[in-house]
Every structure is written in C-alpha cells, then in structure tokens.
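Take a look at the structure set out below.
The values are calculated or read from the model by the stated rules, or taken from the named source; none is laboratory data. All of these numbers come straight from a predicted model, not from anything done at the bench. All Cβ positions, even for glycine, are placed from backbone atoms using ideal geometry, and neighbour counts span all protein chains on display. Surface accessibility is based on the protein's heavy atoms, side chains included, excluding ligands, DNA and RNA. Shrake-Rupley method; radii C 1.70, N 1.55, O 1.52, S 1.80 Å.
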Amino acid sequence: MIAAQTPIAVTGSTGRLGSRVASGLSELGMDHRLVVRDPAKAPDLPGTHIAACDYGDGAAARTALTGARTVFMVSAAETPDRVQQHLTFIDAAVAAGVERIVYVSFFGASATATFTLARDHWATEEHLRSVGIAHTILRDNIYADFTPYFVGTDGNIRGPAGDGRVAVVAQADIAEVAIAVLTSDGAYDGRTLNLTGPAALTLSEIAGILSDHLGRVVRYVPESIDEAYASRAVYAAPQWQVDAWVSTYVAIAAGELATVAPDIPEVTGHPATSLQQALAAGSGAER
Ligand SMILES: NC(=O)c1ccc[n+]([C@@H]2O[C@H](COP(=O)([O-])OP(=O)(O)OC[C@H]3O[C@@H](n4cnc5c(N)ncnc54)[C@H](OP(=O)(O)O)[C@@H]3O)[C@@H](O)[C@H]2O)c1
C-alpha cells in the first residue's frame, strides 16, 4: 500500500507508546503516516494515512517511508534478531530519503550494560550514528505503566534487584517528549534525551505503591541471581529472554537505572509523572 505524502511517519501505532504519539499528533491537527505491520490493526485517527511494513523487510520499509521526512521509530518486539530488524529499517529509511529518525532506546544503553537488551539498543544507536542521518535518541527507563507486570503469580515481586532503585517513567511523558521532538523541525537533532520518572524507587517502594493501586498487599521478595533463573524456569523461555528478564533486576541492583534525569521537565515544562499518577491515569498496561 502506498501512503500519501506526509512529512512525519509514526511506527508502533498499534501498540501503547506509538498510539499515544499518533493520537497526540492528530489532536494537534498534524497529518501523519502510520507505518504498521497489519493495516487492519491501525488506529482510526483523523489526518492519518496507512503504510505497511515489518522492520525486517527492507524493500517494504523503503516503500512505506518514501516521502516521509521524520520517522518516529519504536523499538521492535523482543526477538533474537531484533537488532538486525532495526538496522534493516534504518537503512531503508536512509534509502527512502528520510531526513531524521527519532528512536526509542533504553536508559543507559551501552555495549556493556547489565540489562542485556540495553546492549541491543546501543547497537541500534551506533548504527544510527554511523549512517549519517539526523537523529534524536529517547533513552527510556523502565515503563511505570508496566510495573503491574512485575507482580508474579504468587502476588509478589521477585527478582535479584537487592535494594537498588529505578526511576520508572510514564509512557504519557515519553509520548509528550516524542511529539515535541517530532514537531520541532530538527531542534533536537543530535540530542540524546534521558527519560526517567521524578524519583528513584526501590522495588519495596514500588510494591507499596502497587499495593495501594491494586487494593491488595504486594511484597518485594529479593532473590539471588541463581534463584531468579530457577523461579523463571517454569516458563521454558529461550535463554536470551530469561537473560533479559533477570538482567533487568540485576541492572537495578547495580544502580544503572537509578538516575533521575531533568530532560522530561525541560522538554515538557512540567514535572515528570510519578508512578502513582501513571497508575491512576491508567495506561492500558493492565488490559
Ligand atoms: N522501557 C520499557 O520498560 C519497555 C518495556 C517493554 C517493551 N519496551 C520496548 O518499547 C517498545 C514500545 O513499547 P509499547 O508498550 O508501545 O509496546 P507494544 O504495545 O507491544 O507495541 C509495540 C509496537 O511495535 C510494533 N512492532 C513490533 N515489532 C515490530 C517490527 N518488527 N516491525 C514493525 N513494527 C513492529 C508493534 O506492531 P504489532 O501490533 O504488529 O505487533 C506495535 O505497534 C516495545 O516494542 C519494546 O521494544 C520497553
């Protein structure tokens, strides 16, 4: 499907973060293109046009992105070949003549990050830097909206996070920053924005906030790394995925997700949303 010529293309609009960005652009009256894998799932928003591609299909991505100037790129679903999918999509954007990419990365992305998937984000960032396209990187901390998913089947949060802290961030704030960047006509080119919540919380504190939100007691039960692998064996998930799950907690223990950054207040003009506020607003994460 060939989309109409629009300057902004938004990926991920069939998901949570991308749909917030697409809706926000529509509310501003901005025409934009929704680049989706399945057009039947695309949201019905005023001023939008649909183009279809998977990140891993370079030819389809090039067609889908032709005519777009700025692309909002949500990171792909977690798969073993996610980095290659990202690189294929970025190369297709360059080939299509896209001027800038706004990429959703992860806080502390680096080749040596404890959280294994933050290394994948680093590889994607490095590719963005190498191909010479203008870009803005949004390094998001763990989504506040996802903290209910920390709670396991026994009603508690279990993991090897020690007494480490994490500055969970609301997807609403990330979307607001993304919209500001996408509509700034390049004002944030070359910038890496660190998107965090307003406070670094221990998992015991998060458990307390979730207890109030859910109306039942949630506790944080610290595990050793060996205990964490053992307690997740029941899912029979591939090794890379279990490594990702467990290393999220180890990264918290190591203090790698504890920094509270000023970028959300600076870009939006208001304080970052607290975990309590994000949960009260409802995110769709519990749907
Ligand atoms: N920081 C965090 O705490 C955290 C937690 C979880 C995930 N994430 C990352 O953040 C991203 C956005 O979060 P979210 O809550 O919006 O996730 P989500 O609701 O699962 O939405 C992901 C979106 O990306 C699209 N997508 C996935 N793989 C794709 C591919 N290979 N090619 C093209 N489109 C693809 C999906 O399309 P379909 O509808 O076709 O699947 C969907 O629209 C996730 O994709 C994940 O990479 C971050």
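For THR153, state whether it is of a type in the set (S, T, N, Q), more than 26 Å from VAL21 (Cβ to Cβ) and at pLDDT below 95.
yes
Going through region 123-165 one residue at a time, which ones are open to solvent by 30 Å² or more (accessible area, probe 1.4 Å), away from the ligand (no atom under 14 Å from the Cβ) and part of a helix (DSSP H, G or I)?
GLU126, HIS127, ARG129, SER130, VAL131
If TYR103 satisfies all but one of (1) touching a residue at least 12 places away in the same chain (Cβ under 8 Å); (2) within 10 Å of the ligand (Cβ to nearest atom); (3) of a type in the set (Ser, Thr, Tyr), what's the number of the condition it fails?
Going through the list (1) touching a residue at least 12 places away in the same chain (Cβ under 8 Å); (2) within 10 Å of the ligand (Cβ to nearest atom); (3) of a type in the set (Ser, Thr, Tyr), TYR103 breaks only (2).
Starting from residues that are over 18 Å from the mean Cα position of the chain (by Cα) and of a type in the set (D, E, K, R), keep the ones in region 182-197 and report whichever is nearest to HIS135 (Cα to Cα).
ASP189
Looking at region 68-88, which of the residues that are in contact (Cβ under 8 Å) with a residue 60 or more places away in the chain and either within 8 Å of the ligand (Cβ to nearest atom) or among the small types (Gly, Ala, Ser) (or both) is most open to solvent (accessible area, probe 1.4 Å)?
Within region 68-88, the match that is most open to solvent (accessible area, probe 1.4 Å) is GLU78.
Checking SER204 against (1) assigned to a helix (DSSP H, G or I); (2) open to solvent by 20 Å² or more (accessible area, probe 1.4 Å); (3) closer than 23 Å to ILE8 by Cβ, which test does it fail?
(3) is the only condition that SER204 fails.
Please verify whether ALA93 is near the ligand (Cβ under 7 Å from one of its atoms), open to solvent by less than 30 Å² (accessible area, probe 1.4 Å) and either at pLDDT 95 or above or touching a strand residue (DSSP E or B) at 6+ places or on another chain (Cβ under 7 Å) (or both), treating the condition exactly as stated.
no
Can you spot a residue in region 5-23 that is farther than 18 Å from ILE179 by Cβ, surrounded by fewer than 20 Cβ atoms within 10 Å (Cβ to Cβ), away from the ligand (no atom under 14 Å from the Cβ) and modelled with pLDDT under 95?
Yes; the residues of region 5-23 include at least one that is farther than 18 Å from ILE179 by Cβ, surrounded by fewer than 20 Cβ atoms within 10 Å (Cβ to Cβ), away from the ligand (no atom under 14 Å from the Cβ) and modelled with pLDDT under 95.
What number of residues in region 50-59 are near the ligand (Cβ under 10 Å from one of its atoms) and either in contact with a helix residue (DSSP H, G or I) (Cβ under 6 Å, 6 or more places away or on another chain) or small (Gly, Ala, Ser) (or both)?
Total satisfying the criteria: 4.
Which residues, counting only those in region 31-41, are open to solvent by 60 Å² or more (accessible area, probe 1.4 Å) and away from the ligand (no atom under 14 Å from the Cβ)?
ASP31
Taking region 207-218 on its own, how many of its residues are touching a residue at least 12 places away in the same chain (Cβ under 8 Å) and surrounded by 16 or more Cβ atoms within 10 Å (Cβ to Cβ)?
5
State which residue pairs qualify: first residue touching a residue at least 12 places away in the same chain (Cβ under 8 Å) and among the polar types (S, T, N, Q) and inside region 5-32, second residue more than 6 Å from the ligand (Cβ to nearest atom) and assigned to a helix (DSSP H, G or I) in any location, beta carbons under 6 Å apart, and separation of 6 or more residues or different chains.
What qualifies is SER13/SER19; SER13/ALA22.
How many residues are on the phi > 0 side of the Ramachandran plot and open to solvent by 40 Å² or more (accessible area, probe 1.4 Å) when one looks only at region 96-114?
Total meeting the criteria: 1.
Given the criteria in a helix (DSSP H, G or I), among the small types (Gly, Ala, Ser) and over 20 Å from the mean Cα position of the chain (by Cα), does ALA228 qualify?
Against the criterion (in a helix (DSSP H, G or I), among the small types (Gly, Ala, Ser) and over 20 Å from the mean Cα position of the chain (by Cα)), ALA228 qualifies.
Please verify whether region 264-284 includes one or more residues that are in contact with a His (Cβ under 7 Å, 6 or more places away or on another chain), buried (at least 19 other Cβ atoms within 10 Å of the Cβ), at negative phi and of a type in the set (A, V, I, L, M, F, W, C).
Yes, because at least one residue in region 264-284 is in contact with a His (Cβ under 7 Å, 6 or more places away or on another chain), buried (at least 19 other Cβ atoms within 10 Å of the Cβ), at negative phi and of a type in the set (A, V, I, L, M, F, W, C).
Looking at (1) crowded, with 16+ Cβ neighbours inside 10 Å; (2) within 16 Å of the ligand (Cβ to nearest atom); (3) closer than 19 Å to VAL151 by Cα, which is the only condition ALA228 fails?
Condition not satisfied by ALA228: (2).
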